Amino acid sequence: MIALIDYGAGNLRSVHKALRYLKADVRLVTRTDGLKDADAVVLPGVGAFDDCLTALRKQELLEACREFIRSGRYFFGICVGYQALFEKSEEFNSCAAGLGVFAGKVVRFSNQPGLKIPQIGWNQIEITRPACPLFRGVPTGSYFYFVHSFFPSPVDETIVAARTTHGQTFASAVWKENVFATQFHPEKSQGVGLQMLKNFVELVT
């Protein structure tokens, strides 16, 4: 069973729809007891870092997510769900602490002449770790859908699984052991995005 965390925001509907399309046993979870019998967790996100972390804390899901990851079960963070895995964010003078699973902070794109911020639309990924199970059947150079002004800057470069360039090159996906995360939205990325989600579902089953 895949627990899809519902904290009152995030791109929940399209992620749920994509996982259901792939025949996954997926359940919306709003409380800690929903994680107990889960084989995997997906933490989606659209919006502000602080809003996400504050909602998770109120629902007592912050520490529950940390414990879930420590248990060795699979965890997939998407967009703000990716950013939440890090220690802190520079967004809107953020004061919320992240999950701290990975060292590093979330930073904003640097202003450059002609550069549109936020990045909204399709962009390519350069796969830096082809062994990442989520990239099976996904060629490097594939286009994925992005909507963001901020992105994590990992301290540990070895966790970076893919990079993307939008004015500057940033880590668009990370992978370490049982934890996967992407800045882009696989659920909005057509065939290659469905392939990534399919790979995740097959890991769980």
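Quick check, is residue 33 of a type outside the set (A, V, I, L, M, F, W, C), assigned to a helix (DSSP H, G or I), modelled with pLDDT under 90 and open to solvent by 60 Å² or more (accessible area, probe 1.4 Å)? The answer is no for residue 33. Of the strands (runs of 3 or more DSSP E) entirely within the stretch 115-205, those holding at least 3 residues that are aliphatic (A, V, I, L, M) occupy 160-166, 168-176.
For the stretch 103-159, a tally of residues being open to solvent by less than 80 Å² (accessible area, probe 1.4 Å), among the aromatic types (Phe, Trp, Tyr) and closer than 12 Å to residue 184 by Cβ returns 4. With the structure loaded, tell me whether residue 70 is basic (Lys, Arg), closer than 14 Å to residue 179 by Cα, at pLDDT 95 or above and open to solvent by 60 Å² or more (accessible area, probe 1.4 Å) or whether it fails that test. Yes; evaluated as a whole, the condition is true for this residue. Comparison of 7, 21 shows that the only residue that is buried (at least 16 other Cβ atoms within 10 Å of the Cβ) and not β-branched (Val, Ile, Thr) is 7. Listed by first and then second residue, the pairs with beta-carbon distance under 9 Å, at least 6 apart or on different chains, first residue in the stretch 129-145 and in contact (Cβ under 8 Å) with a residue 40 or more places away in the chain, second open to solvent by less than 50 Å² (accessible area, probe 1.4 Å) and among the acidic types (Asp, Glu), are 145/187. For the stretch 36-48, the set of residues classified as in a loop (DSSP other than H, G, I, E, B) and within 12 Å of residue 65 (Cβ to Cβ) consists of 38 only. For the stretch 160-205, a residue qualifies if it is open to solvent by 10 Å² or more (accessible area, probe 1.4 Å) and among the aromatic types (Phe, Trp, Tyr), and exactly one does: 175.
Check the stretch 105-123 and report whether any residue there is farther than 17 Å from residue 76 by Cα, of a type in the set (Ser, Thr, Tyr) and in contact with a Lys or Arg (Cβ under 7 Å, 6 or more places away or on another chain). No: zero hits. The residues in the stretch 40-60 that are open to solvent by 10 Å² or more (accessible area, probe 1.4 Å) and either in contact with a strand residue (DSSP E or B) (Cβ under 7 Å, 6 or more places away or on another chain) or not charged (D, E, K, R) (or both) can be counted, and the count is 6.
Scanning the stretch 49-96 for residues that are assigned to a helix (DSSP H, G or I), within 17 Å of the chain's Cα centre (by Cα) and at positive phi turns up nothing.
The values are calculated or read from the model by the stated rules, or taken from the named source; none is laboratory data. Computed from a predicted model, the values in this text were never measured in an experiment. We place every Cβ from the backbone using ideal geometry, glycine too, and count neighbours over all the protein chains shown. Accessible surface is based on the protein model in full, side chains and every heavy atom, while ligands, DNA and RNA are left aside. Shrake-Rupley method; radii C 1.70, N 1.55, O 1.52, S 1.80 Å.
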